[in-house]
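Derivation of every value follows stated rules applied to the coordinates shown; laboratory data play no part. Since the structure is predicted, the reported quantities are computational estimates derived from the model, not experimental observations. Note: ideal-geometry Cβ built from the backbone for every residue, glycine included; neighbour counts use all protein chains shown.
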Amino acid sequence: MRLRQTLLATLPVLALTLSAPLLAADELVVYTARIDELIKPVFDAYTAKTGVKVKFITDKEAPLMARLKAEGSNTPADLLITVDAGNLWQAEQEGVLKPLKSAVIDANIPAQYRSSTGSWTGLSLRARTIVYSTERVKPQELSTYEALADKSWAGRLCLRTSKKVYNQSLTATLIETHGAAKTEALVKGWVNNLATDVFADDTALLQAIDAGQCDVGLVNTYYFARLQKQDPDLKVKLFWPNQADRGVHVNLSGAGVTKYAPHAVEAQKLLEWMTTPEAQNLFADINQEFPANPAVKPSAEVSAWGPFKADSIPLEVAGKRQVEALKLMDRAGWN
């Protein structure tokens, strides 16, 4: 009888314990496509500020998304960080991210650099812009992305492979601006002007311009920053195109809380903190990118490139038109 009374007395307490919300996480798990040295200082700063440890697993974006899909509700991941809005949009479409409502993120990051559903936000920006030889090209010869299709650049242009998402996103935004027919003609013009086969990466392209293999090309700004730091005598400079019309194509690195995040509330707090001035310079400066929060100034090195007008097209377009862009690039002969 006494045992039965004890059990009955215990049941309400047990029920209350089981129904109570989980305690705040003391460790978060992040899947990240940004390499260790670019992200670890950010997580270390958050741990120092909050006491919450961050365990992170790095890999390419495709394996990380496949892993999230395979794990489903059993995933240990609270946050996904990757590069390019096209990849983030794809993660959203594949159902591995959780739509959020965050006044903090909305206040810190412009709408064009966020998902309209709240599934992801940009954290740092990079321009995919024109680079040119300081020995063989005068800046006044340059104007727009479109002008690089002119015959005057025949045998002088270098491009990275179309297989890289950065070029797919640029093409997607061109389709949004010009329509498919005009963009295809433009891309064919670029291909016709190639000085050599496409490159596997932006660094090799920059080195080719420096060596005289070609005169102009398209790269992400942080690749230029890295190579310039290694070689201060690099005979290549940046040029901001389309300043009289829509502006420079800008893309981003960003993040979203995973759909089945074990610690969704704490993960959102981390994501929100990463959009604040306290974290923005740290996140952007390590890779010499632009902060996504417009209230935060870029590093001295990045600021030295000078101001520019950025394209205002919402970067969701990079994902929505990605398949169309890939087909167009293939038809145009961009390998």
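At-a-glance table
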| item | result |
| --- | --- |
| Separation of the residue 297 and residue 40 label points, Cα + 7 Å toward Cβ, nm | 3.1 nm |
| For peptides 233-240, 254-261, sequence by mean Cβ density within 10 Å, most packed first | 254-261, 233-240 |
| Read-out Rg/Rh (Cα atoms, Kirkwood Rh), derived from the coordinates shown; its label in (i) 1.04; (ii) 1.08; (iii) 0.97 | (ii) |
| Net length gained if the chain between residue 117 and residue 330 were fully extended (0.36 nm per residue, minus Cα distance) | 73.6 nm |
| Label-point gap, in nm, between residue 185 and residue 93 - each point 7 angstrom along Cα→Cβ | 2.8 nm |
| Cut-off 18 Å (backbone N to label point 7 Å along Cα→Cβ of residue 53), residues of segment 62-80 | 76-79 |
| Surrounding net charge for residue 107, when Lys and Arg each add one and Asp and Glu each subtract one, Cβ distance under 12 Å | -1 |
| Ranked by how many other beta carbons lie within 10 Å on average, peptides 122-131, 200-209, 39-48 from highest | 122-131, 200-209, 39-48 |
| Residue pairs, from the table 138/229; 164/309; 138/235, whose Cα atoms sit over 18 Å apart | 138/229; 164/309 |
| Additional length obtainable on full extension of the chain from residue 66 to residue 163, 0.36 nm per residue less Cα span | 33.0 nm |
| Highest-MSF residue in the chain out of 224, 308, 283 [GNM, Cα springs under 10 Å] | 308 |
| Ellipticity estimate at 222 nm from DSSP helix runs (n ≥ 4, -39,500 (n - 2.57)) divided over the chain, nearest 500 | -13000 deg cm²/dmol |
| Between 0 and 90°, nearest 10: helix 165-178 axis offset from the chain longest Cα axis | 70 degrees |
| Helix axis angle, 202-211 relative to the chain longest principal axis, alpha carbon, degrees | 20 degrees |
| Distance (nanometres) between label positions extended 7 Å along Cα→Cβ at residue 226 and residue 136 | 2.4 nm |
| Relative contact order (percent, whole number), the chain, Cα cutoff 8 Å, 6+ residue spacing | 28 percent |
